[in-house]
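Chemist: First, the structure itself, so that you have it in front of you.
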Amino acid sequence: MPSGTLFDLANKAVEWSSLKNEMAAPNFWNNAEHAQKITGRVKQLKAVVEPVEQVCARLADAHTMVEMLAEEDDEATRQELATEAQALVVEIDRVELLTLLARPNDALDCYFNIQGGTGGADAQDWAEMLMRMYLRYFERCGYEVELLSKKEGEEAGIQSVSLLVKGNYAYGYLSCETGVHRLVRISPFNAQRKRQTSFSSVDVQPVLEDVEIEVDWETDVREDTYRASGAGGQHVNKTSSAVRLTHESTGLVAQCQNERSQHKNRARARKMLLSRLYLMEEAKRDAELAKIYGDKGQIGWGNAIRSYFLYPERRVKDGRTGVVTADTDGVLDGDLQTFIDAELRRRAAERNAGKQTRSSG
């Protein structure tokens, strides 16, 4: 395993076993809130411990096959070993990536937000294309997705969308997508068929249950209520149940419209706003996040993390890792894991380099 990680498999295995025993108790579900936290933690631990245990078991079986070949060279066993060795390379690489998800919030669910940039209908159409791309990726990963709010575009596409994404290490993986995404193509909204460059941003926050951020909801935050957009006739369109919260001093905004109750939407929006404020505090100590959050918490539009070229050539290039692919259709259909894996490795290398610099200093 890579050095310098916080994987700590032995302690995680002990914790997993202990929590499973706790879940087996007959009165476990008497406290539903506590039980939900425990079951969520068990899922997180299982996602780490089980793959490692499975790889270890397969390595032991492979070692047995090697010993058998040493005693008697058998062609069938040799072929089976070669096939298993190739499969193990893939599995070990997958487990290695888990060791890179070592930050405190990486295992959590997340809020996933897309915001269209400047460029009118083209940018709003691009924001909707990104939403479709990520929904396909979430489906591939088996993540559970809940729509919190969506603002339709004036001519096409969407202006913004906020999603709640639930799954093992959702924040750890999806935080790799935070930043500005650039699209270059022939504009379908331009009569002269001119090439257009559009920008949209992705912003990801962990779902934090106990955030230690002091907020005076009466004086620090402006609350606006409105009727949620969507198909006519639904309850959410008949009352002003949607809630938008604006933190006055930072300009950060959180909104929720999917619940029937204004009270529930307000609670959801407050949790989201607290998570964003928490990341703003982290940004003061984290240079990478500081590049993303600029003055008053607005997303900085300086440099795109990834560019999607559909004209004149077709390719997608990640500006952070240098990963390039000509399979633009596959990427826009949710094939993003190569980019995310490369960014996880880049971050790990950057962290290790920083540790070495500090220790040598």
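The values are calculated or read from the model by the stated rules, or taken from the named source; none is laboratory data. Bear in mind the structure is a predicted one, so any value in this text is a computation, not a measurement. With ideal geometry, Cβ positions are generated from the backbone for all residues, glycine too; neighbour counts draw on all protein chains shown.
Chemist: Please tell me if ALA32 is out of contact with any Leu (no Cβ under 8 Å at 6 or more places or on another chain), exposed (fewer than 13 other Cβ atoms within 10 Å of the Cβ), at pLDDT 90 or above and at negative phi. Let's see the steps before the verdict.
Modeler: Details: out of contact with any Leu (no Cβ under 8 Å at 6 or more places or on another chain): yes; exposed (fewer than 13 other Cβ atoms within 10 Å of the Cβ): yes; at pLDDT 90 or above: no; at negative phi: yes.
For ALA32, the condition - out of contact with any Leu (no Cβ under 8 Å at 6 or more places or on another chain), exposed (fewer than 13 other Cβ atoms within 10 Å of the Cβ), at pLDDT 90 or above and at negative phi - is not met.
Chemist: Taking only pairs six or more apart or across chains, which ones have beta-carbon atoms under 7 Å, a first residue in the range 171-182 that is in contact (Cβ under 8 Å) with a residue 60 or more places away in the chain, and a second residue that is assigned to a strand (DSSP E or B) and of a type in the set (Lys, Arg)?
Modeler: Sorted first by the residue in the range 171-182, then by its partner, the pairs are HIS181/ARG306.
Chemist: Suppose we filter the range 329-349 for residues that are crowded, with 17+ Cβ neighbours inside 10 Å and over 18 Å from GLU139 (Cα atoms); how many remain?
Modeler: Matching residues across the range 329-349 total 5.
Chemist: Which of the residues that make up the range 306-324 are of a type in the set (Lys, Arg), under 16 Å from GLY179 (Cα atoms) and in a loop (DSSP other than H, G, I, E, B)?
Modeler: Initial filter on the range 306-324 (of a type in the set (Lys, Arg)): 306, 314-315, 317, 320.
With the extra rule that they be under 16 Å from GLY179 (Cα atoms), the set shrinks to 306, 317, 320.
If the condition is that a residue be of a type in the set (Lys, Arg), under 16 Å from GLY179 (Cα atoms) and in a loop (DSSP other than H, G, I, E, B), then ARG320 is the only one that fits.
Chemist: Are there any pairs with C-beta distances below 8 angstrom linking a residue in the range 121-134 that is assigned by TED's automatic domain parsing to the domain that holds THR328 to a residue that is assigned to a helix (DSSP H, G or I), with the two at least 6 apart or on different chains, and if so which?
Modeler: MET129/LEU332; ARG132/LEU332; MET133/VAL331; MET133/LEU332; TYR134/GLU177
Chemist: Here are some conditions: (1) among the hydrophobic types (A, V, I, L, M, F, W, C); (2) at pLDDT 90 or above; (3) touching a strand residue (DSSP E or B) at 6+ places or on another chain (Cβ under 8 Å). LEU108 meets all but one. Which one does it not meet?
Modeler: Every listed condition holds for LEU108 apart from (2).
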